[in-house]
Amino acid sequence: MRQIRRAAVIGSGVMGAQIAAHLANAGIPSLLLDLVPQELTPEEQKKGLSLDHPAVRNRLATEAIRRLHKLSPAPLFRADYAKLITPGNLEDDLHRIAEVDWVIEVIVESLEPKRQLLERIERYWHEGMIVSTNTSGISINAMVEGRGEAFRRHFLGTHFFNPPRYMKLLEIIPGRDTDPAIVEFMRDFGTERLGKGVVLAKDTPNFIANRIGTYGLLVTFEEMQKGGFTVEEVDAITGPALGRPKSATFRTLDLVGIDTFAHVANNVRQNVTDPAEQRAFEVPEAIQKLVERGWLGEKSGQGFYKRVKQNGQRQILVLDLDTFEYREQKTIASSALEASKQAKGAAGKAKALLQGGDRYAELAWNIVKRVLVYSAEKLGEIADTIQDIDAAMRWGFNWDLGPFELWDALGLVETAERMRVEGLRVPQWVEDWIAAGHRAFYEEADGKRTMPVNGKPEPVRVPAGVIDLAALKKAGKVIAQNSGASLIDLGDGVACLEFHSQNNAIGPDILTMIEKSVAIAEKDFAGLVIANQGKNFCVGANLVLILMAAQEGDWDEIDLSIRQFHRAMLALRYSQVPVVAAPHRMTLGGGVEVCLASSRVLPAAETYFGLVEVGVGVIPGGGGCKETARRVAESVGPDDDLVPALARMFQTIGTAKVSTSGAEALAMGWLRETDRIVVNDDLRISAAKAEVLRMAEIGYTPPPKAKDIRVAGRDGKATLQMAARGMWNGGYITDYDLHIAYKLAHVLAGGDVPAGSLVSEDYLLDLEREAFLSLCGEPKTIQRMQHMLATGKPLRN
């Protein structure tokens, strides 16, 4: 059975080092090789090192690994994962690639150096070793001209997008001779082990995403100049209003690097044969001028935008393309933009913008229509399916909708007719599809989704293990529901509780559904999954309801809410069937408490986990403090001191620290060794379902009621409070932070009981509830809640 146990990454630049980092995230050790330096640095000279010293010869790779720890956002799930990357150099260590299963070439983006390197790699190649290139647009077939047939069968393109940890897209580009079995293996490996969204691209210039994305950017520039629009006007139109990232067009170019963009555009222009397409990919004069001046975007400090300080205030100026001078940005007023803001969902927003009737709507339409037609023209040339093109643009350029999905949202038939009226040629296969009676590219019938393939409807590819909750709900699989949550039948005796309130915030509706779902699962199912496919798993409790009750002094209402929360969490903890929580992305406050109460937690790799209640002036009130104290007691021996472990958790909660990944949540103590990280978020729910079935099969028994939790007591409380006072003395926390910290210490330590006392779960929950209630009555807590709701940021009052 083919496996990748170890890899080698050749080239330790920005992409090479981060690819090695992401392999480490997946638990795969790698060699990171680069050139041997030809000169000593001043530091090396001071140390008396020579060019022959291993530290000097491996310097480029070693420094690249060191830089990983300074990058933001972090390329590693955990800093200690860097130990899985071994630095080396191409002269001393290339022979070591014979020990690996996959070699990835990530050197300079130029054909001849890549060919020369592959010739060297082939000397150490063995049967079964996969070799790939991370090129963003150079021909795969041209690279392996002159290589042996067996080598060519094992060679392909694996194009990661930057930064590799966060960008979902992985384009796999087979060569003419690539073994189809290796293509399928790498597709599965990329999906399951690396957590990627994989598309198959043809060996054409810039493949899929960069081909269409670059065309779209050039079209945008052309339409901007035709209509006399400014940089900030274009970015206002081509951002979220059109279902694109906030960076829109020109901020994106600044982030990518204007010189990089020019290189990518030139690569297409030089390698296509259609004169019209060559003209379309000509780099605009203004962009050439920016490159000549060295105004390359973020990396040079200025591009289309420039950050400055004026009168002590930070400001972002915009480039005026008429004068080539920077000026203040102008406010954009547009009825079309306003309509887009008011609309719901990516499709609704784009439709509202394009139908807005003003000059901005016209600009958006002139850009969109050309990108839609170009995407349709390239089907069959750059990819075999519209699904691969749509996915490439969603995952590689962060579009909310791919071009064919957008076309469907706007109305395939109506949009094509508008294009014809305006003199734009609609590709023949689209005309034929419409003539055959189809009103959309993607169609649904009998619960199955199809797309056009060679003129006929064929099933959309769904990777094994992907569960779509929306599709299950459409298919009538809802067991119970209310305004905040739904219980869905996943099949095979497993139910899924899905939160769908605003921001998935937990209120009485969700708490009611938790208790109801546990009761139904205990009666009719093998177990329960708690998961959803919203933007975030759960941002915490419904702060609006708490604030309203606090402002009105309705303490009974808050008391009842806390008791309901505790009751729901205890229902999860003592469920007679296994409960597996599968969180993703922001999992804060009450969302963490749901996970802590579950039998198992299978977070997505990109899960940001933390009890952050101090930021709104309270302490965790849904069982989080109780569960922290209980887990600390279980983590140490019966005679060991509780305080060191408790102090770590006290600091974590008291500073509202949030993990930067699911793996870091494990290191922070929020997850147990029995919990498991799911690298691909798309597979998270199926993994949780499988875990429920596994636990049920071996005979699940709920934990006994906790009646003898050992606590640190008054002595431990004093130690925690002393630590908090030390932070206050050092100016790290405010007076009110200290006040909250004292309350938190009281609850976590088990109150004013002797050290080592055994207390019940109910006792700790009462302490937690009392502290939460008392803090809700404080004016500064109310101020913190108001500020958070108004700005989305914590107030340090």
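The values are calculated or read from the model by the stated rules, or taken from the named source; none is laboratory data. Computed from a predicted model, the values in this text were never measured in an experiment. We place every Cβ from the backbone using ideal geometry, glycine too, and count neighbours over all the protein chains shown. The accessibility values were calculated without ligands, DNA or RNA, using every heavy atom of the protein model including side chains. Shrake-Rupley method; radii C 1.70, N 1.55, O 1.52, S 1.80 Å.
Here are some notes:
- Shape summary of region 709-797, radius of gyration then Dmax from alpha carbon positions: 14.6, 43 Å.
- Principal axis box of the chain, alpha-carbon based, largest edge first, Å: 83, 71, 65
- Magnitude of the charge dipole, the chain, Cβ model with Lys/Arg +1 and Asp/Glu -1, debye to 20: 800 debye
- Annotation for Glu112 and Arg425: the two label points, set 7 Å from Cα along the Cα-Cβ direction, are 3.8 nm apart.
- A simple spin-label model places the labels of Tyr124 and Val544 6.0 nm from each other, with each point 7 Å out along Cα-to-Cβ.
- Protection proxy ranking, peptides 499-507, 273-281, average beta carbon neighbours within 10 Å, highest first: 499-507, 273-281
- Distance between region 219-247 and region 605-633 - C-alpha centres, whole angstrom: 43 Å
- Spatial separation of Cα centroids for region 732-751 and region 538-555, in angstrom: 21 Å
- Surface/4 of the Cα convex hull for region 7-200, nm²: 10.7 nm²
- Mean ellipticity per residue at 222 nm, deg cm²/dmol - from DSSP H runs of n ≥ 4 across the chain, formula -39500 (n - 2.57): -14000 deg cm²/dmol
- The Rg/Rh ratio of region 656-741, with Rg taken over Cα atoms and Rh as the Kirkwood radius over Cα pairs, comes to 1.14.
- Taken over region 208-459, the convex hull of the Cα atoms encloses 137 Å³ per residue.
- Of the accessible area of the chain, computed with a 1.4 Å probe over protein heavy atoms only, carbon and sulfur atoms account for 50 percent.
- A straight Cα-to-Cα reach below 17 Å connects Lys46 with none of the lysines, residues fewer than 8 places away in its own chain not being considered.
- The label-point distance for Ala181 and His53, in a model that sets each label 7 Å from Cα toward Cβ, rounds to 4.9 nm.
- When each of Lys246/Lys369; Lys351/Lys689; Lys474/Lys535 is checked by Cα-Cα distance, pairs over 29 Å: Lys351/Lys689
- FRET efficiency, Arg5 to Asp322 (Cβ-Cβ, R0 41 Å, nearest 0.05): 0.10
- Surface accessible to a 1.4 Å probe, per residue, for the residues of the chain, Å²: 43 Å²
- Candidate cross-link partners of Lys456 among the aspartates and glutamates, defined by an alpha-carbon separation under 20 Å and a same-chain spacing of 8 or more, comprise Glu377, Glu381, Asp384, Asp388, Asp390, Glu405, Asp408, Glu431, Asp432, Glu443, Glu444, Asp446.
- Of Lys83/Lys657; Lys226/Lys341; Lys309/Lys344; Lys306/Lys780; Lys114/Lys299, pairs whose Cα-Cα distance is over 29 Å: Lys309/Lys344; Lys306/Lys780
- Restricting region 303-354 to GluC sites (Glu not before Pro) that sit in a DSSP loop and have at most 14 other Cβ atoms within 10 Å of their own Cβ leaves Glu328.
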